[in-house]
1. I'd like the accessible area for TYR354, computed on protein heavy atoms only with a 1.4 Å probe and all protein chains in place. Round to 10 Å², please.
2. Anything over 24 Å Cα to Cα? Flag those among LYS114/LYS136; LYS136/LYS298; LYS93/LYS131, in the order listed.
3. For MET206, MET106, give me the order by solvent-accessible area with a 1.4 Å probe, most accessible first, ignoring ligands, DNA and RNA.
4. Could you check the spin-label model distance between THR187 and ARG208? Points 7 Å from the Cα along Cα→Cβ, value in nm.
5. For Cα pairs less than 8 Å apart in space and 6+ apart in sequence, what is the mean separation divided by the residue count of the stretch 271-417, i.e. the relative contact order in percent?
6. Rg and Dmax in Å for the stretch 298-444, alpha carbons only: what are they?
7. Accessible area, 1.4 Å probe, largest first: how do ARG445, ARG102, ARG461 sort?
8. Multiply the residue separation of THR216 and ASP377 by 0.36 nm, subtract the distance between their alpha-carbon atoms, and state the gained length in nm to one decimal.
Amino acid sequence: GDDNNGGGDQSSGEDTAAVTTDAPSDSDSSDSAPSPPPPPSAPPKKSESVLDAQLRPSEVVLELNRHIVGQHDAKRAVAIAMRNRWRRRQLPKELMKEVTPRNVLMIGPTGCGKTEVARRMAALCDAPFIKVEATKFTEVGYHGRDVDQIVRDLMDVSMALTKKRQTEKLRETAKSLVEERILDLLTGPSTGGNADARSRETFRDMLRRGALDEQTIEVDVPESKGGGDGGAGFILGGDNGSGNPSIAAISELMRNMGTQGGGKRGPPTERKKMPIGEARDVILEVELERLLENVDLKKEAVQAVEESGIVFMDEIDKICTSRDFTSRSADASAEGVQRDLLPLVEGTTISTKYGNVNTDYILFIASGAFHAVKPSDMLPELQGRLPIRVELNGLTEEDLYRILTEPVANLLRQQTELLATEGVTLTFHDDAVREIARMAALLNRTVENIGARRLHTVVERIMEHLSFDAAEMEEGTELVVDKGLVKERLGEVMISSDLSRYIL
């Protein structure tokens, strides 16, 4: 195990090469010759190194570069934080307890990519990840959501992830069970006779070819009641009791009592006639549920949250009040929320409907624009719990030009593809794109700096007439956006913005 860790962290190039060459040869050998038993320990090692390759900091930064322009410091900080989660899991048990994650605070003006970094990060990592806005929470004792809800929501995410992962593992087993069940319905249960086996194999062959997909059979499917998932037709608490674990537990109990009224386990079923093509999916779901009963999903989900959960807290500056004002704020979602966040970020135990969750090793990434307040206006204890500071830069004219052209799904490509659905070809001249970036940067300087979001305003303004008329145009029409058109469409905006600054 130790050699692996060293190698994984030192020589990234060799490792990736090893992974890429390994993968095809593994699958080839398994396809051609299923007999040789020697490499039973190889698959876990391979999956570990594949995971290792995905989470390498350089890989994470490369992936983020496809969608986000600039902000290298933020990308590096996030990539290192993610990699350190993996490194910690490779440590010996006694040392692993001592290593806590280094939480990150991202500071930068609005529209420069803080939230986008989090969104793309969630897609990359297989860990339970949740993005929350700090402004949605109120301090304990007020009506609203308290910060413990963050961990409960994270547990729901983890539960869904774990269920999905286990379902994929069990899918092949379930598929073979589905085949047997459909054959039982077609030919009756197997009695072991030769003729019986032959007719069963004939049916199996026809079933696999899809020749029987139109044949109707009777299947037991779970009953669908109006009251949600098959159980009691009422909900306690406004939000299905999710805000309160005791209410959630009572709802669960009521549901179970409703389902077990008949003395048999599982939700009540009803018999329906349907073609085999449709029945296959229905039976597959039932079989998967039955197989999942033997897996301890809750334990696995809790462990996933405690060991590799990531919480991204946006708008953290909106719960700060400036130190210049000596009067205490009466806002229920200000200083009090910071106080409630302290134990959560430091490490505490939260009770959820899946069991108690310890937050010692959850990684917290906070971000805020800090326009009206300074990072030093946060509670000193909370500042101390967010040790890694990353400053994101405001966007220049050159950055805005790159945002319009470089990301995989940039704004110009989106507009081109949207009009292509009407059979209209749209092209942007390079000088037009430069002009759009220049105008956006100018508006950001003169009116209000809203970063890359300004590009949406500018591009929509230019596209307004073209989008409106595109539906009436003949197929194959070619539209060109040049510098003249951009100036003409944005001239009014610039004039009106100049005037609006002086009109009271």
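The values are calculated or read from the model by the stated rules, or taken from the named source; none is laboratory data. Computed from a prediction, not measured in an experiment: that's the story for all the values here. When we count neighbours, we look across all protein chains shown, and the Cβ atoms used for this are built from the backbone with ideal geometry, even at glycine. Side chains included, ligands, DNA and RNA excluded: accessible areas come from the protein's heavy atoms. Shrake-Rupley method; radii C 1.70, N 1.55, O 1.52, S 1.80 Å.
1. Surface open to solvent at TYR354 totals about 50 Å².
2. Going by Cα-Cα distance, LYS136/LYS298; LYS93/LYS131 fall outside the 24 Å limit.
3. I get MET206, MET106, largest accessible area first.
4. My value for the distance between the label points is 1.3 nm.
5. 25 percent
6. Rg then Dmax for the stretch 298-444, in Å: 22.3, 63.
7. Correct descending sequence by accessible area is ARG445, ARG102, ARG461.
8. 51.1 nm
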